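These notes concern the structure reproduced below.
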Amino acid sequence: MYLLVGLGNPGSEYENNRHNIGFMALDEIVRRHSFGGWRRRFHGSVSEGQIGGRRAIALKPDTFMNRSGQAVAAATRYYRLEVEDIIVLHDDLDLEPGKIRVKQGGGSAGHNGLRSIDTHVGKNYRRVRFGIGHPGERDQVENYVLKDVPKAESEMLENNIMAIADHIAALALGDVASFTNDVALQTGSNK
């Protein structure tokens, strides 16, 4: 069993924000892989299904980004998961828009959702990083991530989300190389 976590902020006013890319990607994975309906649990919304022949729990924390670790920790304890069983989908300021990278462990790079998860469960989970670019100035970051994905980037983002949903089984089964290669071929994200 593994836990798929999409990071974002709850509420319709945040729905299309750059910071909610994790929620967007998780919604498509749940839809594409015919998971069950969303239920309120673990300080968030949970849906269950199967990917790659293994049981998967999808979690969208309702605690707002800065406290995402509370929801992840509650689900991890309940299902008796190891930190290595967690895959987190999130936005990344350090990558150009359209770039997708996978990483296991490491620091939070200033991402408050990751920092919260690190504090509550540790750092050795897998991360699917969606590039959103950087506004250029540190004091503009909060406003930037809380703005909607611009129309010029929305088709690229949709293609990236579709590719992640298409190939998530490889990542869930631990084949990072196949996942990365297949996503890159489908999206051209390594160009």
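Charges at C-beta only: +1 for Lys and Arg, -1 for Asp and Glu. How large is the resulting dipole of the chain about its Cα centre, in Debye rounded to 20?
Magnitude of the dipole: close to 620 debye.
Using the basic label-point model (7 angstrom from Cα toward the beta carbon), what is the Ala109 to Arg40 distance in nanometres?
Taking the simple label geometry, Ala109 and Arg40 are separated by 3.5 nm.
State, to one decimal in nm, how far the label point of Asp139 lies from the label point of Gln186, with both points 7 Å from Cα in the Cβ direction.
About 4.2 nm, to one decimal.
Suppose we keep just the alpha-carbon trace of region 1-94; what are its Rg and Dmax in angstrom?
According to the Cα coordinates of region 1-94, Rg and Dmax are 12.3, 36 Å.
Hydropathy first: keep DSSP H helices in the chain averaging at least 0.0 on Kyte-Doolittle, then drop any whose Cα extent along the axis falls short of 27 Å, and list what survives.
151-172
For semi-axes √(5λ) of the Cα gyration tensor in Å, pick the label among (1) 22, 20, 16; (2) 26, 20, 16; (3) 31, 17, 16 that corresponds to the value derived from the coordinates.
Identified label for the calculated read-out: (1).
Considering the options Leu7, Ser108, Val46, tell which one lies farthest towards the positive end of the dipole of region 2-187, charges being +1 on Lys and Arg and -1 on Asp and Glu at the Cβ, about the Cα centre.
Val46
If we sort 5-15, 27-37 on the protection proxy, mean other Cβ atoms within 10 Å, highest first, what's the order?
Descending mean neighbour count gives 5-15, 27-37.
Once you sort the root eigenvalues of the Cα gyration tensor of region 88-191 as a ≥ b ≥ c, which label holds: rounded (a/c under 1.5), prolate (a/b larger than b/c) or oblate (the other case)?
Oblate, because a/c is 1.5 or more while a/b does not exceed b/c.
Take each of the peptides 117-123, 67-73, average the number of other beta-carbon atoms within 10 Å over its residues, and list them starting from the highest.
Ranking the peptides 117-123, 67-73 by packing returns 67-73, 117-123.
Read-outs: derived from the displayed coordinates by stated rules, not from any lab. All of these numbers come straight from a predicted model, not from anything done at the bench. Every residue, glycine among them, receives a Cβ derived from its backbone with ideal geometry; neighbour counts consider all protein chains shown.
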